[in-house]
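The values are calculated or read from the model by the stated rules, or taken from the named source; none is laboratory data. In this text, all values refer to a predicted model and were calculated from it rather than measured experimentally. Cβ placement follows ideal geometry from the backbone for every residue including glycine, while neighbour counts extend to all protein chains displayed.
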Amino acid sequence: MFDSVSYVAMNSALDALSLRQRVIANNIANVNTPDYQARKVAFEDALAAAVADGTGAVQASVGVSLEPTREDGNNVNLDTEVISNTDTTLRYQVATRALEGSFTSIRTALRTS
């Protein structure tokens with residue numbers, strides 16, 4: 001179970017989503033910092049490819065956002081960051097519930113043994 005593609009993929013997704021939450025928080029903290037360039041976390045395409053290849057293991061990559069910059073050189077868009085944070089939180093909750101369901105099945109199987 002712990003080496004199955006779905007389990008490895010879920011763990012990779014949780015790690016990447018956690019990183020994305022930290023990056024979003026850092027972007028929001030620097031919303032008024034001159035010349036700060038927002039960061040973005042990407043992993044979904046790599047995760048889909050890893051699952052298709054039968055591994056499920058990926059590392060998220062952090063890159064610089066291509067959003068347009070303001071006059072002060074900062075390109076953090078607070079609206080975008082808040083929406084991304086909400087989306088990331090919901091995805092994280094779905095992934096943890098999916099893993100929780102797997103562990104519930106294991107506990108049930110162990111109790112009946």
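Would you check if there is a residue in the stretch 42-55 being among the hydroxyl-bearing types (Ser, Thr, Tyr) and outside any loop (DSSP other than H, G, I, E, B)? For the stretch 42-55, residues among the hydroxyl-bearing types (Ser, Thr, Tyr) and outside any loop (DSSP other than H, G, I, E, B): absent. The residues of the stretch 66-96 that are of a type outside the set (Val, Ile, Thr), in contact with a helix residue (DSSP H, G or I) (Cβ under 8 Å, 6 or more places away or on another chain) and surrounded by 12 or more Cβ atoms within 10 Å (Cβ to Cβ), listed by number, are 67, 81, 84, 85, 91, 92, 95.
Based on this model, can you work out whether residue 13 counts as in contact with a Phe, Trp or Tyr (Cβ under 9 Å, 6 or more places away or on another chain), farther than 30 Å from residue 110 by Cα and not polar (S, T, N, Q)? No: the conditions fail for residue 13. When residue 95 is tested against the conditions (1) out of contact with any Leu (no Cβ under 6 Å at 6 or more places or on another chain); (2) over 30 Å from residue 32 (Cβ atoms); (3) modelled with pLDDT under 95; (4) not polar (S, T, N, Q), the lone failure is (1). Residues that are of a type in the set (A, V, I, L, M, F, W, C) and within 15 Å of residue 77 (Cβ to Cβ) were ranked within the stretch 26-51; the one that is surrounded by the most Cβ atoms within 10 Å (Cβ to Cβ) is 38.
Taking residue 63 as the residue in question, decide whether it is outside any helix (DSSP H, G or I), modelled with pLDDT of 95 or more and among the small types (Gly, Ala, Ser). Considered against the rule, which asks whether it is outside any helix (DSSP H, G or I), modelled with pLDDT of 95 or more and among the small types (Gly, Ala, Ser), residue 63 comes out as yes. The requirement of being closer than 26 Å to residue 10 by Cβ, in contact with a Lys or Arg (Cβ under 6 Å, 6 or more places away or on another chain), in a helix (DSSP H, G or I) and in contact (Cβ under 8 Å) with a residue 40 or more places away in the chain is not satisfied by residue 96.
Among the numbered conditions (1) surrounded by 15 or more Cβ atoms within 10 Å (Cβ to Cβ); (2) closer than 17 Å to residue 99 by Cα, the only one that residue 58 does not meet is (2).
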